[in-house]
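Take a look at the structure below.
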Amino acid sequence: MADFVNTKMYELGTKKSTIRTIFEFGRKRASEVGEENIYDFSLGNPNVPAPDFIKNAIIDTVNEMDPVALHGYTIAPGDPVARDTIAGSLNKRFGTHFAGKNLFMTAGAAAAITITFKALAEEGDSFIAFAPYFPEYKCFVESVGARLDVVPARCEDFQIDFDSFEKIISKSTKAVIVNSPNNPSGVIYSEETINTLTDMLREKEKEYGHPIFLISDEPYREIAYDGIKVPYLTKYYDNTIVCYSYSKSFSLPGERIGYIVVPDEAADFEKVYGAIAGAGRVLTHVNAPSLFQRVVARCADFPSDISTYEKNGKLLYNGLIEAGFTCVKPQGAFYLFPRALEEDDAKFCEQAKQFDLLLVPGKDFGCPGYFRAAYCIKTETIERSLPIFKKLAALY
Ligand SMILES: Cc1ncc(COP(=O)(O)O)c(C=O)c1O
């Protein structure tokens, strides 16, 4: 019993997430039965190595820059040249009009989201997420003294259930958070979904007489298949704040690099950007990793290599459909979110574990009755897992 430390922090630090527990189980089983006999679909950790242009950019940056400047503090929002370069690249790609002053460099999307929540939240505020959603949102929101309200999933296609949203949005809604391409469903919100959402938000802003922010959590923006375009949300809604990460697009999750975009059109840009700087300060952000600010800026125009994820996604989707599963077709990210073969998704995942198939129950993402399979693993492991999925399905 930890009565001399903060109880909530103690719980957060010691109660393992389901995903971590499953992953650790997998590591233990691998040491018993061999790596090749474990089908671990639990973690969203990119298995594609960081591209060569990243390695070259690291070497060139280290060789070319004065080490005192390179390894020293940058100003809190980030190196001005890096921010200008990334803003220019976004403008070329998405037809936006950002300058460096619209960007705030962060240690990945987790920092970007938490800083944004902290910058906006006041006591009693609510933030809305749409199921299925990234489970960390809850502890990030609660850490800033606000509440996370969840709109139940629209299971036929994992777009947004607007009737439920209408019932949940209220005067205390400070922001809604969207994540597209989505973890865990792999779905990309259509332009129609975005238009309906932003029309509703504008109406509610008028009705309540205060801004409602749209936070776009975008670690998977680049991982979109079949040429599907992921709408750039600042172009649809003025009060949009973008939280981007290079963890998945350039396979750099350990380097902790990303950024926040606050567009000029946001209600009172100076206030929002100032509060983001203040939130970064109290969260002891100081500055995003200095070397990697320069590295990602050098590589800002380079494409992500999504070929492995695209191949894996198709292979697993087709294999699961053939085995009798139902699943919304993957459009992006590197997850599938099929229906579990029994109502209790946790029990189903326990059953799968008997076959050393490691899957994550949907209830962890606010969507019971489903499971998540992360396919950022070796293609060969997916190939070998397909007959095992068939064996599992045959039990039902
Ligand atoms: C939806 C979503 N948001 C945010 C993050 C955090 O990413 P980062 O490594 O950039 O902090 C993840 C990581 O898996 C994610 O899936």
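Only the coordinates and a few stated rules stand behind these numbers; no lab work does. Since we're looking at a predicted model, the values are computed, not measured. Every residue, glycine as well, gets a Cβ built from its backbone with ideal geometry; the counts of neighbours run over all protein chains shown.
How many residues are of a type in the set (Val, Ile, Thr), in a helix (DSSP H, G or I) and touching a residue at least 40 places away in the same chain (Cβ under 8 Å) if we restrict to the stretch 5-39? Write out each step before concluding.
First, pick out the residues of the stretch 5-39 that are of a type in the set (Val, Ile, Thr): 5, 7, 14, 18-19, 21-22, 33, 38.
With the extra rule that they be in a helix (DSSP H, G or I), the set shrinks to 7, 14, 18-19, 21-22, 33.
From what is left, the residues that are touching a residue at least 40 places away in the same chain (Cβ under 8 Å) are 18-19, 22, 33.
Qualifying residue count for the region: 4.
Hey, which of the helices (runs of 4 or more DSSP H) in the stretch 82-180, taking only ones fully inside, have at least 2 residues that are away from the ligand (no atom under 16 Å from the Cβ)?
Numbers: elements: 108-120, 136-143, 162-168.
By residue number, 108-120, 162-168.
Answer yes or no as to whether residue 177 is in contact with an Asp or Glu (Cβ under 9 Å, 6 or more places away or on another chain) and in contact (Cβ under 8 Å) with a residue 40 or more places away in the chain.
Values: in contact with an Asp or Glu (Cβ under 9 Å, 6 or more places away or on another chain): yes; in contact (Cβ under 8 Å) with a residue 40 or more places away in the chain: yes.
In short, yes.
Looking only at the stretch 197-254, which residues are free of Cβ contacts under 8 Å to residues at least 40 places away in the same chain and within 11 Å of the ligand (Cβ to nearest atom)?
216, 254
Which of the residues belonging to the stretch 68-81 are under 18 Å from residue 299 (Cα atoms) and outside any loop (DSSP other than H, G, I, E, B)? Walk me through it before giving the result.
Step one: of the stretch 68-81, the residues under 18 Å from residue 299 (Cα atoms) are 70, 78-81.
Correct list: 70, 80, 81.
Go through (1) away from the ligand (no atom under 16 Å from the Cβ); (2) surrounded by 16 or more Cβ atoms within 10 Å (Cβ to Cβ) and name the single condition residue 269 misses.
(2)
Which of (1) surrounded by 14 or more Cβ atoms within 10 Å (Cβ to Cβ); (2) closer than 30 Å to residue 137 by Cα; (3) more than 24 Å from the chain's Cα centre (by Cα); (4) not polar (S, T, N, Q) is the odd one out, the single condition residue 388 does not satisfy?
It fails just one condition, (2).
Would you check which residues across the stretch 288-314 are touching a Leu at 6+ places or on another chain (Cβ under 8 Å) and either of a type in the set (Asp, Glu) or closer than 30 Å to residue 341 by Cα (or both) and list them?
Selection gives 313 alone.
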